[in-house]
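**Q** Below is the structure I would like to discuss, written out as structure tokens.
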Amino acid sequence: MSSSTGEKTLSIIGLGYVGLPLAVEFGKRYRTIGFDINTDRIEELRAGRDSTLEVTPEELSRATRLEYTADPEALREADIHIITVPTPIDRHKRPDLTPLLRASETVGRILKPGDIVIYESTVYPGATEEDCVPVLERESGLRFNQDFFVGYSPERINPGDKEHRVTNILKVTSGSTPEVAREVDALYASIIEAGTHLASSIRVAEAAKVIENTQRDVNIALINELALIFNRMGIDTLEVLEAAGTKWNFLPFRPGLVGGHCIGVDPYYLTHKAQEIGYHPQVILAGRHINDGMGSYVAEQVVKMMTQRRIHVVDANILVLGLTFKENCPDLRNTRVVDIIGELENYHAHVDVHDPWVDPDEARHEYGITPVTELEPGRYDAIILAVGHHQFRDMGIDQLRRLGRPGHVFYDVKGLFPRDQVDARL
């Protein structure tokens, strides 16, 4: 598993929000080959730029042993391969393992005896050994746990979070044999300052990862349902949560749109596997149903308020502030803001989207949305603050409201401003 000098050579397959920060940290200590199929991504990293904004140019420059490539043949030089590709869902909300299996094919073709393949992508329990290992065996002609080995160490990256970084988040590790598990654990322990937790098996580590975000999803769903109830009662949900939060053990969840690459996706991996083994999850799927419907609910509330003010919704000009799935981050993956936009367009309203964090080309490619860069005062019949970027907070409610026509509706999804300064909050 090591070179003639006794030093490990690593490869990181997939240089996105998860793979790049990991590659940078390993690249400070080990020879590390960063691989991505996107040649534009490779070129920008070679130029010292990261469009995800997860890693600064200074941090990139400190990874002196990290090299970038889009050539799969370069991976032959590594003896530990870490796969960090996305695991999305399809339009039917079923797990889409295509990127994971293709990455496994790529690694399988260059796999040699003694190599270790470590997966970081979120999957359901059993996926590593039942879905990925057979691909590695088929492509390499090698035998699992005899010629090559695998590990699983789930990613815990939080895009846009400058406080919780890869090195100060405790890392769960596992391996396909006790010896390999210890080696995988030691590898991560060499860069993770917060420490590691060695799970007893790969399946335990997979299950631990998938329930992390499932737990958050269910808790947010409860608060979203409470918001639906309190709205009908004329009670401000955030005021209720503030009052309830005075108890020491009350959990500080807030209502909102649940998107992104983790919370809005991971539960479907667990429920898929549960149904496959004959169990129909009820609480998890109920939570998903509530959270998936919040975008439409926001749009319907805005339309209702416009109608009450005798503002014609057809051909109305509506501004949506924010498109990313979370604040202060350029990540557009699985953003549920598009649900608000789609519902309003069903009413034949004209919807403008403004987001200072978004790459316009990516927004057009992913969602067919062209964000506006210039905001015209007095133009909009309704304004929806969908994402709590600091730029919107810094503008202040008075400047934001000047974008609206007299009598416009201002709906604050994120509760960024006090209740008496907006027309409604989620």
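**Q** Where Rh is the Kirkwood radius over the Cα pairs of the range 27-79, the temperature 20 °C and the viscosity 1.002 mPa s, what D in µm²/s does Stokes-Einstein return?
**A** In µm²/s, the coefficient rounds to 186.
**Q** Which distance in nm do the two modelled labels at ILE169 and HIS365 give, with both placed 7 Å along the Cα-to-Cβ direction?
**A** 2.4
**Q** Could you rank the peptides 231-239, 350-358, 317-325 by their average count of other C-beta atoms within 10 Å per residue, with the highest value first?
**A** With the highest mean Cβ count within 10 Å placed first, the list reads 317-325, 350-358, 231-239.
**Q** Next question. Just in the range 139-194: which trypsin sites (Lys or Arg not before Pro) are loop by DSSP and have at most 12 other Cβ atoms within 10 Å?
**A** Here the trypsin sites (Lys or Arg not before Pro) that fit, given the DSSP loop and packing criteria, are ARG143, LYS162.
**Q** Taking 0.36 nm per residue of sequence separation and subtracting the Cα-Cα distance, how much length would be gained by fully extending the chain between HIS390 and ASP420, in nm to one decimal?
**A** Contour length minus the Cα-Cα distance gives 8.8 nm.
**Q** Which aspartates and glutamates does LYS93 reach when only Cα atoms under 18 Å apart count, and residues fewer than 8 places away in its own chain are ignored?
**A** Within reach: ASP217, ASP266, GLU276, ASP292, ASP339, GLU366.
**Q** How many percent of the accessible area of the range 167-249 is carbon or sulfur, using a 1.4 Å probe?
**A** With neighbouring chains kept in place, the figure for the range 167-249 is 55 percent.
**Q** Moving to a separate point now. What is the percent of Cα-Cα separations in the chain that go past 35 Å?
**A** Result for the distance tail: 35 percent.
**Q** Give me the Kirkwood hydrodynamic radius of the range 306-426, using the inverse of the mean 1/r over all pairs of distinct Cα atoms, in Å to one decimal.
**A** 14.4
**Q** Please work out the FRET efficiency for the pair VAL204 and ARG49, using the Cβ-Cβ distance as r and a Förster radius of 25 Å; give the result to the nearest 0.05.
**A** 0.05
**Q** May I ask you to evaluate 6.51 cos²θ - 1.76 cosθ + 1.60, the Karplus curve with θ = phi - 60°, for each residue of the range 96-113 and list the ³J(HN,Hα) values in order in whole Hz, giving x for glycine and proline?
**A** So the J values, rounded to whole Hz, are 10, 8, 3, x, 5, 5, 5, 5, 5, 5, 4, 5, x, 5, 10, 5, 10, x.
**Q** State, to one decimal in nm, how far the label point of GLU276 lies from the label point of ARG402, with both points 7 Å from Cα in the Cβ direction.
**A** Each label point is offset 7 Å from its Cα along the Cβ direction, giving 5.6 nm.
**Q** Just to be sure I understand the model, the point goes 7 Å from the Cα along the line to the Cβ. What's the resulting HIS348 to GLU67 distance in nm?
**A** Distance between the two pseudo-spin positions: 6.1 nm.
**Q** Next question. If one computes P(r) from the Cα atoms of the range 162-303, what percent of pairs lie at distances over 26 Å?
**A** 44
**Q** Report, to one decimal in Å, the Kirkwood hydrodynamic radius for the range 356-400 based on all distinct Cα pairs.
**A** This gives a value of 12.2 Å.
**Q** For a quick check of your reading of the filter: which GluC sites (Glu not before Pro) in the range 324-426 sit in a DSSP loop and have no more than 15 other Cβ atoms within 10 Å?
**A** Passing both the DSSP loop test and the Cβ count: GLU374.
**Q** Now, a different point. Give me the percent relative contact order of the chain, please, defined on Cα pairs under 8 angstrom at least 6 residues apart.
**A** It comes to 10 percent, rounded to a whole number.
**Q** Hey, what D do you get for the range 224-323 in µm²/s if you plug the Kirkwood alpha-carbon radius into Stokes-Einstein at 25 °C and 0.890 mPa s?
**A** The diffusion coefficient I find is 149 µm²/s.
**Q** Please give the per residue accessible area of the chain, computed with a probe of 1.4 Å over protein heavy atoms only, in Å².
**A** That works out to 46 Å² per residue.
**Q** Any chance you could list P(r) for the range 1-89, counting all Cα-Cα pairs in 5 angstrom bins from zero, rounded to whole %?
**A** Per 5 Å bin, starting at 0, the Cα pair percentages come out as 3, 16, 27, 27, 16, 8, 3, 0, 0.
**Q** What angle do you read, to the nearest 10 degrees and between 0 and 90, between the alpha-carbon axis of helix 266-276 and the longest principal axis of the chain?
**A** Approximately 70 degrees, to the nearest 10.
**Q** A follow-up question, please. Kirkwood hydrodynamic radius (Cα pairs, Å) of the range 369-426?
**A** Taking the inverse mean of 1/r over all distinct Cα pairs, the range 369-426 comes out at 11.7 Å.
**Q** Measure off, as a whole percent, the carbon and sulfur share of the 1.4 Å-probe accessible area of the range 297-426, all protein chains present.
**A** That fraction is 45 percent.
The values are calculated or read from the model by the stated rules, or taken from the named source; none is laboratory data. Keep in mind that this is a model prediction, so the values were computed, not measured. Every residue, glycine as well, gets a Cβ built from its backbone with ideal geometry; the counts of neighbours run over all protein chains shown. Protein only, heavy atoms only, side chains kept; ligands, DNA and RNA dropped before computing areas. Shrake-Rupley method; radii C 1.70, N 1.55, O 1.52, S 1.80 Å.
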